[in-house]
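Read through the structure below, which is laid out as structure tokens, and then see the notes.
Bear in mind these aren't lab numbers, they're just calculated from the coordinates by the rules spelled out. Predicted model only: the values in this text are computed from it and were never measured. Cβ placement follows ideal geometry from the backbone for every residue including glycine, while neighbour counts extend to all protein chains displayed.
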Amino acid sequence: MLELRQFYIDGHWVPAHQAGEHVLVDASTEEPFGVVALGSDADTDAAVAAAKRAFPAWSMTDPARRIALVERLRIIHLERTEEMAQAISREMGAPIDLARQAQAGAGPRHMANYLAAMQDFDFIRPLGPHAPSDRIALEPIGVAALITPWNWPISQVTLKVAAALLAGCTVVLKPSEMAPLSATLFAEIVDAAGIPPGVFNLVHGDGMGVGQRLATHPDVDMVSFTGSTRAGIAISKAAADSLKRVSLELGGKGANLVFADADDMAVERGVRQCFVNSGQNCNAPSRMLVERAIYERSVETAGRVAQSIAIGPSGVAGPHIGPVVSTRQFDRIRGLIETGIAEGARLVAGGPDRPAGFNRGYFVQPTVFADVSNDMTVAREEIFGPVLSIIPFDTEDEAIAIANDTPYGLTNYVQSQDGERRNRVARRLRSGMVEMNGQTRGAGSPFGGVKASGRAREGGRWGIEEYLEVKSISGWG
């Protein structure tokens, strides 16, 4: 059994103060394979104290020095890509090909984007020609607590850690207790890169323990959290008494608007994108809104594509989807599929039963519902599994109204060959991101949402600015 019982604090690996632990389970077999220690208040306090001590010196380092260290971090990360892929696949069930091709590579890619943004990033800026002796200084906020999820573990770790370090903050990282392997490996990479002691600290733990302590700690200046909307609300309330900054990247229920003039691959592309990572993506296009003229044909295509998607264990190579992360997630997704059937949605593919040939493991069939109304549970709740709901619409205005009728506002999608309509619709959709005709957003584009999806922005210049405060200065010499 693998045992992770040490935390990285003040440049050293130190044992946990107490014996609490979380059992790690292989999502493909349901067999335990390890344990991770859960940090206590004492562990968290030690990490915060180390970060606080390190902040004065680190915050005043020349940005060129911080850039050089993050570049070193990126290079070592690249050298250990295969280890990272294996860790991610093991801890949260990502198929090994997905772990290699997308999950493990996300860290170096995010760091490269941040480093590019730093090339022309001015921490001291003129106010304007009307005030020649005024300056605006962007200064690191202080000690940042970084709380990351299990679904894209190293992607979220690097999105937060690299931005905070480049901004001049010191950090305490609390990864999900369900994804501790990749974060532990990342701490080893940080150590090898020569990041000064106390600048980066890692404490494993759960939300009610380490997470709660970080959110309320008087010496933490900022909490950056990625996870569920429910947990984000709890963190905001916990942090309110100390008036710390809270940056939230939360859930989503993305709408994919497919107009009658969409390209021939639009529906298939939307189905496959919905099921990436077994549907465990906050930006999944999980509501497909289809113009009535092509609705039945699109439903047929979606069902056929879903039925063609292979399912397999995480450790086996191939283009299949793997299990979902845990028994809790497995039971919740199956329950929501059953709710969809009970509420009258038409089951086109999949269903609540395990896929054929599987009698164990947290495997969920790629499931497609048609004839969904936007007030059904499967259209309202973030399922976080391989479940697609298809909703018909008649007019552009109706499509936009349906898309915006959700508590969430992370990513929406538009499929149309009419450029003017695409631009018009994109501006009217209430979300932090819009992707159109299968074109991914460019390097350095900010990731984040509005409404119940949180209002953080991660990636590129905007991601660095999340960790900075603005100071106005007059009489600059």
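Here are a few things to note about the model shown:
- Computed E for E268/F33 - FRET, C-beta separation, R0 30 angstrom, nearest 0.05: 0.25
- Between D41 and D261, the contour length at 0.36 nm per residue exceeds the Cα-Cα span by 73.5 nm.
- Of the peptides 399-409, 58-68, the ranking by mean beta-carbon count within 10 Å, highest at the top, reads 399-409, 58-68.
- Label-point gap, in nm, between V276 and R455 - each point 7 angstrom along Cα→Cβ: 2.8 nm
- Zone of S133's modelled label, taken as backbone nitrogen in segment 443-477 under 18 Å from a point 7 Å along Cα→Cβ: 472-477
- Separation in nanometres of the label points that stand 7 Å from Cα toward Cβ, at R5 and H320: 3.6 nm
- Between E469 and D353, the FRET efficiency estimated from the beta carbon spacing at R0 = 51 angstrom works out to 0.45.
- Sorted into 10 angstrom bins from 0, the C-alpha pair distances of segment 279-383 split as 14, 46, 33, 7, 0 percent.
- Amide H contacts of A349 (H built 1.01 Å from N, under 5 Å, at least 5 apart or other chain): V368
- Listed by chain and number, the lysines whose alpha-carbon sits under 21 Å from that of K244, ignoring those within fewer than 8 places in the same chain, are K52, K160, K174, K451, K471.
- Alpha-carbon spread of the chain, three principal axes, descending order, Å: 67, 64, 41
- About the Cα centre, charge dipole magnitude for segment 14-101 (Lys/Arg +1, Asp/Glu -1 at Cβ), debye: 660 debye
- Dipole check for the chain: with +1 at the C-beta of Lys and Arg, -1 at the C-beta of Asp and Glu, and the Cα centre as origin, the magnitude is about 620 Debye.
- Taking each residue as 0.36 nm, the span from H17 to A192 lengthens on full extension beyond its C-alpha to C-alpha distance by 60.5 nm.
- About the Cα centre, charge dipole magnitude for segment 255-442 (Lys/Arg +1, Asp/Glu -1 at Cβ), debye: 680 debye
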